[in-house]
1. For the range 133-142, just list the computed ³J(HN,Hα) in residue order, Karplus coefficients 6.51, -1.76 and 1.60, θ = phi - 60°, integers in Hz, with x standing in for Gly and Pro.
2. Could you give the distance between the Cα centres of the range 35-83 and the range 148-201, to the whole Å?
3. Using the per-residue mean of other Cβ atoms lying within 10 Å as a proxy for protection, in what order, highest first, do the peptides 46-56, 193-203 fall?
4. Could you pull out which residues in the range 150-189 have an amide N less than 11 Å from a spot 7 Å beyond the Cα of GLU29, following the Cα-Cβ vector?
5. For a bin width of 10 Å, list the pair-distance distribution of the chain built from all Cα-Cα distances, rounded to whole %.
6. Which three semi-axes in whole Å describe the equivalent ellipsoid of the range 93-149, each the square root of 5 times a Cα gyration tensor eigenvalue, listed largest first?
7. Over the chain, what relative contact order in percent results from Cα pairs under 8 Å that are six or more residues apart?
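What follows is calculated from the coordinates using simple rules that are stated; it is not laboratory data. Since the model is a prediction, treat every value here as computed from it, not as a measurement. Positions of Cβ are generated from backbone atoms using ideal geometry, with glycine treated the same way; all protein chains shown enter the neighbour counts.
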Amino acid sequence: MMKKTATLDRHTLELVRLAAAVAQGYEPELRERLEGARSAGVPTAWVDEMLLQSLLFVGYPRTLVAYALWRKASGEDAPATDPDADYGRAKQWIERGEETCGIVYGDNYKKLRNNVKELHPALDAWMIVEGYGRTLARPGLDLLRRELCIVAQTGVLETPRQLHSHMRGALNAGASVGQVEAVLALMNPMLSFDSWKRVKELWRSVKEAWMPED
């Protein structure tokens, strides 16, 4: 189980590998994966969007390092402007954030919102506006590939609650079971034996709930 990556096309495969390397934070591996993405012809917009969304999961330090290495590897300058640099778009971010978060969490959307609000109402607002609206709903990369990259990063970072949510989120966004398993297989060499065992057990619970036996 989870030994093949044939269910991922080459561009998606290299993008997910790069996402995992960003989370790992090891610069030699990151340089190798950036070159792999460039050599494979992964669309520049995909890499840009994956790196932007990485901020939500790995923070500024690793995202800034990865972006600096990407600018050097790609040889391309940053765009002069970006629509989502305009904070006047907050209403639009709320609308598209609620829609995107609703897709990822499905029937658990309302429960998620309530749970996060109980932690702090600002967290709920930031999650929808900054996380899902301003970032994950951007048009440069489809939601399915975004979720597969998030699975890779939350797995490498060993954050099981978020990994569980985004395994389901990837499926809700249209990923196949095989595609999720291909992403998990890429993570295997980055994890300890015990960590990998926990990931497999977590995935088993998600898959059993997703594909209940008759």
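1. These are the phi-based 3J(HN,Hα) values: x, 6, 10, 6, 9, 4, x, x, 8, 6 Hz.
2. 22 Å
3. On the way: 46-56: 21.5, 193-203: 14.7.
Packing proxy ranking, top to bottom: 46-56, 193-203.
4. Hits in the range 150-189 for GLU29 at 11 Å: 156-157, 187-189.
5. That works out to 8, 34, 37, 18, 2, 0, in percent per bin.
6. Output for the range 93-149: semi-axes of 19, 13, 9 Å.
7. The value is 28 percent.
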